[in-house]
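Following: one structure in structure tokens, then a few remarks.
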Amino acid sequence: MRADQPDNVHDTSQIAHVPIERKAPLLTGQNFWQTEPLDELGIRSIWLADGPYGLRYQSGKQDNLAVFASDPATCFPPGVAVGSSWDAELAAKLGAALGREAASMGVDIVLGPGVNIKRSPLCGRNFEYYAEDPHVSGVLGAAFTRSLQAEGPGVSVKHFAANNQETNRQTISSEVDERTLREIYLPAFERVVTEAEPATVMSSYNKINGVSAWANRWLLTELLRDEWGFRGAVISDWSSVTDRVAALEAGLDLEMPSEDASVQAIVDAVRDGRLDEEIVDSSVARLASLATRPVGNSTAVDADAHHALARELAADCAVLLRNEHNVLPIPGGVDVAVIGAFAKAPRYQGGGSAHVNATRVDIPLEEIEDLAATTGNSIAFAPGYTLDGIPNESLVSDAVDVARRSDIAIVFAGLTEERESEGFDRDSLDLPADQVAVIRSVAAVAHRTVVVLANGGIVSLEGWHDEVDAILEGFVLGQGGGRAIANIVFGIVNPSGRLAETIPLRLEDHPSWMNFPGEQGQVRYGEGVLVGYRYFATAGAPVRYPFGHGLSYTTFTTGALDVVVTGVDSVSVRVPVTNVGSRAGKHVVQVYVATSAGPIRRPARELRGFTKILLQPGESETVEIELPRRAFAYWDTTIGEWVVAPGDYRIEVCADASTVVQHSTITFEGDRLAGELTLEAPVGTWFDHPEVGHRTLQVLGFDKVEIPEEQLIMVRSMTMRQFVRISGLDIADDALEDLMRVTRLA
């Protein structure tokens, strides 16, 4: 059922007749989660709720800090897990289920997905985000958005933009160059906006190059609306706005939560002539449009079905990092020791505003015991450590005794919400020392040792990695994670997750390390476009596990690559994949592009396409992935456009960001940027100009003499004016002017 709205509710001429005192309240909240209605135009109140992976709907006391309880809802796998699935269909299933729950609760706008880039592994909110790569983030975010909105409610894609840390998040200025913004931190938002048409976009707390995101007209209007064509409403992150009039002029429609002073500021600015009332009317019209979305329905959600879906999704998100001696899956009839407090009190979601009051939670130990009853395995448990981090030697001793008597020991380890959450960043990648001590002590006596991790962001594996046989990185898997883990370790489910962020050997090896979290109110994005795997692959720096890594219980082979040109600077990539193992399994085909073409420094390779397929034993499938022109382009700051440079491009099918399986090279004529020459341009720019480069050599007489390479390098870096002045060459006065005239007319 649709809301009863007049057909011309978006008509600003109708809104213009309403007094400013009545319109202004619509542009700020009625309370923490609702907007103001406007009865004379039939505009109803809109209800918003947090929910990138489960609804935090508060029918009782309301707040935006997760202090007060929220109504029960399904806690699906958070963004870190969905990112590790590399599965757009999985993201879509989650979005659809979340949309159904939102509709059943009367929620109009779900605050999610979060598509910010994982610039640093220390970011406390990494559990909410998908990946260190914008292509993965954009594809998954768009799939989530389309499916959720198909159920009626809208989304609020967040946090726009360059919001990559929690330290001083409300005051920090992200100092990031234009090319890096365009190539790394904006593309995920761009894809969601242009392909999935989100109902709203949420502006972030931080500043971008000194200008608050919520007051940044270039970001919210020139880029988002004028360039990308966004037609929805822009809302603020909660309590971020400090100048309501400046925010409105920049393009921010709705300030949340309620703020009486903001309403008065808008009224006064219109009355004083400082604010054009048409700006107010346009924002009111966009909020009125939100009110025409379908009203929540009374269809009850099947909690059991959604819990089963949470289990299904979680199982496809866990990443098998290591599996020496094929210790996993665990065979029937062996003795298994389950060790670790997390086995009984699992960490399954992030902390902060997105915290979900789960309808139920699968306990890993109970799920393992349940499956063991059908497989003939005996299970013994020891807590090993406490979740408060206080060392306890007797707990370690008990764990060692249990492990010594087992055939396989499974140690559950990870981070509590007290160690990583919204609102603060981590200061280390390390697991708690007491948990590391348990892992090492158990590994020293157990016949085989498996470690199952639960953490919102990556953790260091150093100091114990080589002492264990298998590592299953579960991250945080939502309320069905306990059963998903049990299904994986017993082989009921074949793991298929892939890392969506690099696990370095040391924090100091990470490209963000020197510039995170910043100082004196600024954080400099000094690594530029070399974020995450882009840096490690370019520098040839070793890592513990690369972006894209993940093992399976079966084996896949990749056949010869076929690249077909489909348009101007675009291709279709076709590659056959075969499951040559004995189990059904899911495989992620990863396609990267590598090139040195163009006048800029480019990463060694960049992910440009991926898909996940299911193959039965012996089954083959030819995967086809389209690479559009944008897959080969860089952002040219001199002309402010996407450019495909002439040259060679290597298409690589990779097992991960470090391992090329198949490759093929194509050559593009690309964009030949002529550009206007001046005497202040470097001589090298004159030489390389496609219109007058050869004639420049003639005018300078360089076509008749041979110049040593070292001198030519020096000459190329000079401005033409400087070179003419000091070269002593006899150059006609009008010769260079004629060439410049040609470039102006080109």
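The values are calculated or read from the model by the stated rules, or taken from the named source; none is laboratory data. Bear in mind that the values here come from a model prediction, so they are computed numbers and not experimental data. Virtual Cβ from ideal backbone geometry, glycine too; neighbours counted across all protein chains shown. Heads up: the accessible areas ignore ligands, DNA and RNA and are worked out on the full protein's heavy atoms, side chains in. Shrake-Rupley method; radii C 1.70, N 1.55, O 1.52, S 1.80 Å.
Some points to look at:
- Phi-based couplings in Hz for the range 124-141 (Karplus 6.51, -1.76, 1.60; Gly and Pro marked x): x, 9, 4, 4, 8, 9, 7, 7, 8, 10, x, 5, 4, 4, x, 4, 5, x
- Over the Cα atoms of the range 156-225, the radius of gyration divided by the Kirkwood radius equals 0.94; this is the Rg/Rh ratio.
- Distance from the alpha carbon centroid of the range 651-700 to that of the range 520-537 works out to 25 angstrom.
- Relative contact order (percent, whole number), the range 186-303, Cα cutoff 8 Å, 6+ residue spacing: 23 percent
- Computed E for Ser45/Trp642 - FRET, C-beta separation, R0 41 angstrom, nearest 0.05: 0.50
- Taking all Cα pairs closer than 8 Å and separated by 6 or more residues, the relative contact order of the range 131-202 comes to 56 percent.
- Over all projection directions, the Cα-based convex hull of the range 457-522 averages an area of 6.8 nm².
- Local electrostatic count at Gly95 - Lys and Arg +1, Asp and Glu -1, tallied over other residues with Cβ under 9 Å: +1
- Globularity index of the range 467-592, i.e. its alpha-carbon radius of gyration over 2.2 N^0.38 Å: 1.38
- Cut-off 18 Å (backbone N to label point 7 Å along Cα→Cβ of Arg672), residues of the range 635-654: 643-648
- Space enclosed by the convex hull of the alpha-carbon atoms of the range 217-375, per residue, Å³: 213 Å³
- Shape call, the range 1-113: gyration tensor on alpha carbons, a/c limit 1.5: prolate
- Fully extended contour minus Cα-Cα distance, from Asp304 to Leu679, at 0.36 nm per residue: 127.7 nm
- Taking only the C-alpha atoms of the range 651-746, Rg followed by Dmax gives 18.7, 59 Å.
- Near Gly54, once Lys and Arg are set to +1 and Asp and Glu to -1 for all other residues with Cβ below 13 Å from its Cβ, the sum equals -1.
- Length-normalised contact order of the chain in % [C-alpha pairs under 8 Å, at least 6 apart]: 13 percent
- Over all pairs of different C-alpha atoms in the range 587-730, the reciprocal of the mean inverse distance, the Kirkwood hydrodynamic radius, equals 18.5 Å.
- Per-peptide average of other Cβ atoms within 10 Å, ordering 205-211, 735-741 highest first: 205-211, 735-741
- Förster-model FRET efficiency, 60 Å R0, Val568 and Ser394, C-beta, rounded to 0.05: 0.30
- Cα centroid separation, the range 317-343 to the range 347-401 (Å): 13 Å
- Placing pseudo-labels 7 Å out from each Cα toward the beta carbon at Phe68 and Ala150 gives an inter-label distance of 3.5 nm.
- Accessible carbon and sulfur surface of the chain relative to its total accessible area, %, 1.4 Å: 47 percent
- Working from label points 7 Å from Cα in the Cα-to-Cβ sense, the Glu278 to Asp703 distance is 5.5 nm.
- Gap separating the Cα centres of the range 542-577 and the range 31-50, nearest whole Å: 47 Å
- Cross-link reach list, aspartates and glutamates versus Lys207, counting only Cα pairs under 12 Å and skipping chain neighbours closer than eight places: Glu175
- Taking every DSSP helix (H) stretch of at least 4 residues in the chain, weighting each as -39,500 (n - 2.57) and dividing the sum by the residue count yields a mean residue ellipticity at 222 nm of -8000 deg cm²/dmol.
- Which labelled figure in [x] 66, 35, 21; [y] 46, 38, 23; [z] 50, 32, 22 is semi-axes √(5λ) of the Cα gyration tensor in Å, once derived from the coordinates: [y]
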